[in-house]
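Here the structure comes first, spelled out in structure tokens, and everything after it is commentary.
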Amino acid sequence: MAAPSSSSNSPNLASRALERLDALGRSTTDRIAFFGLGASLFVESVRWIFLGRRLRQIVRAQHVAAEMMDIGVLAIPIISVVSIAIGFTLSMQGIQGLEQFGAQHQVIGGVALGVTREFGPLITAIIVAGRSGSSLAARIGAMTISQEVDALKVMGINPVRFLVAPSLVAMLIVLPTLTLWSIAISLLASALYVTPVIGTTLGAFVTEVNASITTDDLAHGLTKTLIFAVLITIVAASKGTSVEGGAEGVGRVTRDSVVGGISAVIISDLLFVYAMTRF
Amino acid sequence: MSGDPNGEYVIEVENLVTHYGDRQILKNVNLRIRRGEIMVIMGGSGSGKTTLLRHLMALEKATSGSIKLLGSDVTQLNEIELYAMCRKIGVSFQGGALLSSLTVGENITLPLREHTDLDQTVMDIMARMKLEVVNLAGFENLMPSELSGGMLKRAALARAIITDPALLFCDEPSAGLDPVVSSALDELILRLRDAMDMTIVVVTHELDSAFRIADRITVLDQGAILTVGTVEEVKNSDNERIQNLLNRKFEVEEPDPEEYLARLMGHT
């Protein structure tokens, strides 16, 4: 069998290269469009939060309260369990690592700093992104497909004001609060493990924690939760509003919102820490 | 039959053109509907009837043309003016589109809760009144998922009329329902028009339903209006495409063999 001539192959290669280039271009423009959608949802949400009353599109307190209950209160058990695990794990790893230098007493400061600046905010945000971000994306996606979003529009109700803005406000209040809770629970778990192992008292543990972390550390941890709150809400809302297809589409945007939300949290954390420690 | 033949026009569509990408969906549509009239928009699948209705509801942006509802050109309104206009219209969607997280009663009072300062007791009474109108009294505490298809459509109608709108748009109100329920919904639409002096636009492909409720019928075909007329005028039309639609004949265009082969091979 004769080998295909190079002249007959080159148009195929060229067309395949063009197809790849076309796919790359489409994917790039889709991503830019997604960022644009996210930015416009954020700006519009802020607009309704501050100007809603004047524009007769009020972001209602009961909607915010309902979201706070869902995002915050109902998440307390899972956040508590994970925070306990983090407190224990960091303490065990810390003691083992510091033991070889005879510095196991330093574990309290290490855990306190790590939990306050990094683990508390990050783990809480990841859980909330997985739990509430996915829920928001699925809700908006399902409502879009079943024409509920259209129904809101024709009732004179702006869907961003009705669906996204209350979630954003709730997330901005709840995420720092949950983070504080997570930090407290992690430190409590750490105290339960560390005090008998290194032979110290609970009072000494608290004193050491107070000496190790400053208000700047707490502010560092809590400030980034505000960024995480915006990112989780906007990624979820953007994914939800860009749903296509039926139930499969809702499943896809839900998955994408979890992946996108967690990625956004971790990458923004990296950038935040870099900015705070280098500048 | 209602709708004063000399009454004012409350819906005026002029030279409406719409594209989705490169595809032209509506081709220079002109339509005027008088106060108190029931206008039925009919057409085959893909004729553009739902797109036209979505334009009337200001859910789509037109490529060109104007749509006047109650004297205001909705294509020129800003967002806030548009929301104010939306409070004067009621819409019943094909699947009901009740918010699944709210009870039937909460769904019906939602426009009142969002746009008025009425007391909750007053809103509850109004919701019960509208539920009575659509024969769903006592269903206010059920969730939408607990209702049948016909009940969902009636609950959606109750929500659509809670603000006593001047215009009511219904998308396929009797689609997927058995003949008895479908007939009851038609009666309900007629009763709403007579009792509340509404102008009603209904999109449907159900001929029996259309002939029962329509004052006038608009027949769309491939994005253009074939005819606008009374039931008798449409029934007696000698236009072949209208007769095909009325006699439920599905036209299959024979493709060019070469074009067909190329399409199968994925070359087009």
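Please work out which one of (1) more than 14 Å from chain B (Cβ to nearest Cβ); (2) in a helix (DSSP H, G or I); (3) of a type outside the set (Asp, Glu) is the condition A:GLY245 fails and give its number. The single condition A:GLY245 does not satisfy is (2).
Scanning the stretch A:207-229 for residues that are without any contact (Cβ under 8 Å) to a residue 12 or more places away in the chain and outside any helix (DSSP H, G or I) yields a single hit, A:THR214.
For the stretch B:91-110, filtered to residues that are under 13 Å from the mean Cα position of the chain (by Cα) and more than 8 Å from chain A (Cβ to nearest Cβ), the residue that is farthest from A:MET143 (Cα to Cα) is B:SER92. Highlighted here are the helices (runs of 4 or more DSSP H) found entirely within the stretch A:87-198 that include at least 1 residues which are within 14 Å of chain B (Cβ to nearest Cβ): A:134-145, A:148-154, A:165-198. Note on the stretch A:91-127: residues that are farther than 13 Å from A:ASP269 by Cα and either more than 19 Å from the chain's Cα centre (by Cα) or among the small types (Gly, Ala, Ser) (or both) total 24. Per this entry, B:ILE200 is counted among residues that are in a strand (DSSP E or B) and either modelled with pLDDT of 85 or more or not assigned by TED's automatic domain parsing to the domain that holds B:PHE139 (or both). In the condition set (1) modelled with pLDDT of 90 or more; (2) within 14 Å of chain A (Cβ to nearest Cβ), B:ALA137 is compliant with all but (2).
I'd like the full set of residues that are surrounded by fewer than 19 Cβ atoms within 10 Å (Cβ to Cβ) and not in a helix (DSSP H, G or I), limited to the stretch B:148-190. The answer is B:SER148, B:ASP164, B:ALA166, B:ALA175, B:GLY176, B:ASP178. Do you know which residues across the stretch B:61-84 are buried (at least 19 other Cβ atoms within 10 Å of the Cβ) and within 13 Å of another protein chain (Cβ to nearest Cβ)? The answer is B:LEU69, B:VAL74, B:TYR83.
Of everything in the stretch A:50-75 that is away from every other protein chain (no Cβ under 13 Å) and in contact with a helix residue (DSSP H, G or I) (Cβ under 7 Å, 6 or more places away or on another chain), the residue that is surrounded by the most Cβ atoms within 10 Å (Cβ to Cβ) is A:ILE71. Residue pairs whose Cβ atoms lie under 6 Å apart, sitting 6 or more positions apart in sequence or on different chains, and linking a residue in the stretch A:233-255 that is surrounded by fewer than 19 Cβ atoms within 10 Å (Cβ to Cβ) to a partner that is at pLDDT below 95 and hydrophobic (A, V, I, L, M, F, W, C), are A:GLY249/A:VAL243.
The values are calculated or read from the model by the stated rules, or taken from the named source; none is laboratory data. Since this is a predicted model, take the numbers as computed values, not measurements. Ideal geometry is used to build each Cβ from the backbone, glycine not excepted, and the neighbour counts take in all protein chains shown.
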